[in-house]
């Protein structure tokens, strides 16, 4: 397996005085040049920089043996064409979010996040130490894709609304960009959900195509400039408690890598998974402050009965989807983990945070 | 910089009938064999497996070019001799916790964790995206050590007590294994803190040398078998909200590595940092359940006035230590980050967790 490491030199001398024959055989290490397509605008803060960082780390660690070129949404394929491009092998890699593929794989949403589901820390633990990733890989296998968790945004904001939400009735007919199960919940609560790629959201808000927009959170929302459109109400989330991003790798490309490069990609993805969450954690409050204090975003809390309505509908939708045996399997694993982990956190971290919050 | 990578073979032929001069340049890669000493028992679950995992990942990614042998506490150097061994260069690497070195570097404790400080997620964000790691590296530089965060236990339990704690008075004279600032707080609250390495704790409890023991949390406490000693009261923590473990590297050894191996070590450490937290997150509740249901540990909440006393003393101790300019610098960075991050989390993740907890 390690034959490529060895540089063998055969030097044959025949003759000497007259005939000289030199045969130098060099086993060098193969260099791979891969393309990575993403659902995010090129170089977009947070989300879009995660695959760039991955490419840098892999390049450094492999000493240039695996070079990854990152393409933003629309450069090679559309934002929502990432999964198919990797599946077909037209590119080797992609970076996206699993809930975008709910049309193909209904259970995929659990690997990004579901309403009232797992936080970032819990998602990481479920995926890496609770069996989640194994199931995820089985589910993507028929599509010839090998997924690796690669980034987490932390708890997302519900988003921006052009009017105040004082009751469930206020949701009626509201046209909102909100993907995944969150969007389905919103629909049953009376809203009108649409899925629009990130890069088109500002214009959609500006032209009044939508009344409300869910994107990520203060750090990313500020970067898109939503605050420039109009005075908006800004609500915390319930729908994406800790959204995991995915690195997608075409299986044939993956199998063509030697084990050391496979290890380098796996470990780099894990480091980026952590790094992105660190960046969101460090950046969100500063951005929220700027949104509220400088740009006049009005931060509000959702009324309890609206939260309760969302919770009931979320349960309803998930229960209905359990008729799909794959959803049932993933849901069981997810839900078992959730009840275990929240039991312990209730007495440990959550209790601590509450005690700490009284300290100032 | 990469001259070491090159293995130069000069083959000179002088004589022979005609003069022939061949100069073949061969690029080979140097192999490094390093030793890593730890503060933990060999192969101890969680803590002790983190450096083993690091060694495995580095070995895989470097294709055997950097081989790390891990030694448990006492195998090469004592548990508390890790820092000095790495500093002197008698070994290349160590794995420990920064609060063990408060005697040498008072500010070091902030890099492991302080009472009422940052949770695991917040520590990661402060260290990697909030300037914490840069300060840490400056502080260890005079000791010829390059630190990398490498593991987090999550919120630790206050620990095991041979009697119930109903008031501050109950702490009086209690002999407890509790290191770091937590130990100092405990002392001022009337207790008698001692620092004993993990491997000696079971015996210390069994022989009655100590009345109480702080170690990590359910997963590790179960592994040590504390529940076998006697019926104990088990209390959640306030003193180590998200303890970071450290990978220590001797600076000269670090500088001898080519850039790709340095990148491999940095990224592997980050992946292990994440992995350990995932493991604790996934394992703690299951272990707690076993401790309580099978072994009769009595899970209790600390009375509010005891928490309040600990909080006041923690503040007092930290304020006093600000006369040290290094502590002041680190504390400022830590505290600024804490107030920013807790503001955002209060409206985002914490609010979500509260909303979720009503859902069952």
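The values are calculated or read from the model by the stated rules, or taken from the named source; none is laboratory data. Source: prediction; values computed, not measured. Every residue, glycine as well, gets a Cβ built from its backbone with ideal geometry; the counts of neighbours run over all protein chains shown.
Within segment B:35-65, the set of residues being at the interface with chain A (Cβ under 10 Å from one of its Cβ atoms) and either under 15 Å from residue B:93 (Cβ atoms) or free of Cβ contacts under 8 Å to residues at least 40 places away in the same chain (or both) comprises B:56, B:57, B:58, B:59, B:60, B:62, B:63, B:64. None of A:348, A:355 is in contact with a strand residue (DSSP E or B) (Cβ under 7 Å, 6 or more places away or on another chain), free of Cβ contacts under 8 Å to residues at least 40 places away in the same chain and at the interface with chain B (Cβ under 7 Å from one of its Cβ atoms) except A:348. Remark: residue A:210 falls outside the filter, which requires a residue to be outside any helix (DSSP H, G or I), touching a helix residue (DSSP H, G or I) at 6+ places or on another chain (Cβ under 8 Å), more than 12 Å from chain B (Cβ to nearest Cβ) and touching a residue at least 60 places away in the same chain (Cβ under 8 Å). Among the residues of segment B:324-341, the ones that are in contact (Cβ under 8 Å) with a residue 12 or more places away in the chain and either within 26 Å of residue A:157 (Cα to Cα) or within 14 Å of chain A (Cβ to nearest Cβ) (or both) come to 5 in all.
If we scan segment A:326-337, do we find a residue that is under 30 Å from residue B:65 (Cβ atoms), crowded, with 23+ Cβ neighbours inside 10 Å and not assigned by TED's automatic domain parsing to the domain that holds residue A:222? No - not one qualifying residue is present in segment A:326-337.
Kindly provide the set of residues from segment B:146-169 that are assigned to a helix (DSSP H, G or I) and either free of Cβ contacts under 8 Å to residues at least 24 places away in the same chain or within 16 Å of residue B:117 (Cβ to Cβ) (or both), ordered by number. Step through it out loud before you land on a result.
Taking segment B:146-169 and keeping what is assigned to a helix (DSSP H, G or I), we get B:168-169.
Within segment B:146-169, B:169 is the sole residue that qualifies.
Applying the selection to segment B:211-254, what residues are touching a strand residue (DSSP E or B) at 6+ places or on another chain (Cβ under 6 Å) and surrounded by fewer than 21 Cβ atoms within 10 Å (Cβ to Cβ)? B:211, B:233, B:251, B:254, listed by residue number.
From the list B:151, B:130, B:180, exactly one residue is within 14 Å of chain A (Cβ to nearest Cβ), crowded, with 24+ Cβ neighbours inside 10 Å and under 28 Å from residue B:219 (Cα atoms). Which is it? Spell out the reasoning first.
Details: B:130 fails: under 28 Å from residue B:219 (Cα atoms); B:180 fails: within 14 Å of chain A (Cβ to nearest Cβ).
None of the others qualify; the one that does is B:151.
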